[in-house]
Amino acid sequence: MVVWRWTGTWLRSPTVARTKDAPPPPGRRPTKGSRYTPPAPKKVKQSHLWVPVTMFTCLVLGIVVIAGNYLELLPGGEVSNNFLLIGLALLIAGFVLSTFFR
């Protein structure tokens with residue numbers, strides 16, 4: 001005889017023996033062993049050396065090109081939108097590379 005009682009979830013009376021083909025109680029998974037074995041630690045991914053080098057190079061060159069453009073130090077002697085766009089492209093490339101840096 002199976003006696004049921006309500007304790008938040010349905011539990012089978014401890015006097016009833018479980019058979020091998022009986023399903024596990026709700027909310028529990030069958031375990032392979034009696035001890036918990038933690039998963040193997042994952043290796044920390046590291047960036048290749050070229051990623052941070054290229055990232056910082058692009059960021060610094062972008063700032064130098066934009067500052068040189070406004071200080072009129074670049075060839076041409078006057079402020080040019082072309083140098084501004086080149087500097088912005090270098091900055092964007094540096095920020096994009098920073099998303100790959102680990």
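No value in this document is a laboratory result; all are computed from the given coordinates. This one's a predicted model, so the numbers in the text were calculated from it and none came from an experiment. When we count neighbours, we look across all protein chains shown, and the Cβ atoms used for this are built from the backbone with ideal geometry, even at glycine.
Please go through region 39-57 and pick out each residue that is part of a helix (DSSP H, G or I) and hydroxyl-bearing (Ser, Thr, Tyr).
Here is the first cut: in region 39-57, the residues part of a helix (DSSP H, G or I) are 50-57.
Of everything in region 39-57, those that are part of a helix (DSSP H, G or I) and hydroxyl-bearing (Ser, Thr, Tyr) turn out to be Thr54, Thr57.
State the number of residues belonging to region 74-100 that are of a type outside the set (Val, Ile, Thr), surrounded by 12 or more Cβ atoms within 10 Å (Cβ to Cβ) and outside any helix (DSSP H, G or I). Give the steps one after another, and end with the answer.
Initial filter on region 74-100 (of a type outside the set (Val, Ile, Thr)): 74-78, 80-85, 87-91, 93-95, 97-98, 100.
Next, only the ones that are surrounded by 12 or more Cβ atoms within 10 Å (Cβ to Cβ) stay: 74, 80, 83-85, 87-91, 93-95, 97-98, 100.
With the extra rule that they be outside any helix (DSSP H, G or I), the set shrinks to 74, 80, 100.
Selection size over region 74-100: 3.
Would you be able to tell me the number of residues in region 37-66 that are among the aromatic types (Phe, Trp, Tyr) and free of Cβ contacts under 8 Å to residues at least 24 places away in the same chain? Can you show your working first?
Of the residues in region 37-66, the ones among the aromatic types (Phe, Trp, Tyr) are 50, 56.
Next, only the ones that are free of Cβ contacts under 8 Å to residues at least 24 places away in the same chain stay: 50.
Residues that pass the stated criteria total 1.
On the basis of being touching a Leu at 6+ places or on another chain (Cβ under 6 Å), in a helix (DSSP H, G or I) and free of Cβ contacts under 8 Å to residues at least 24 places away in the same chain, does Asn69 make the cut?
Details: touching a Leu at 6+ places or on another chain (Cβ under 6 Å): yes; in a helix (DSSP H, G or I): yes; free of Cβ contacts under 8 Å to residues at least 24 places away in the same chain: yes.
For Asn69, the condition - touching a Leu at 6+ places or on another chain (Cβ under 6 Å), in a helix (DSSP H, G or I) and free of Cβ contacts under 8 Å to residues at least 24 places away in the same chain - is met.
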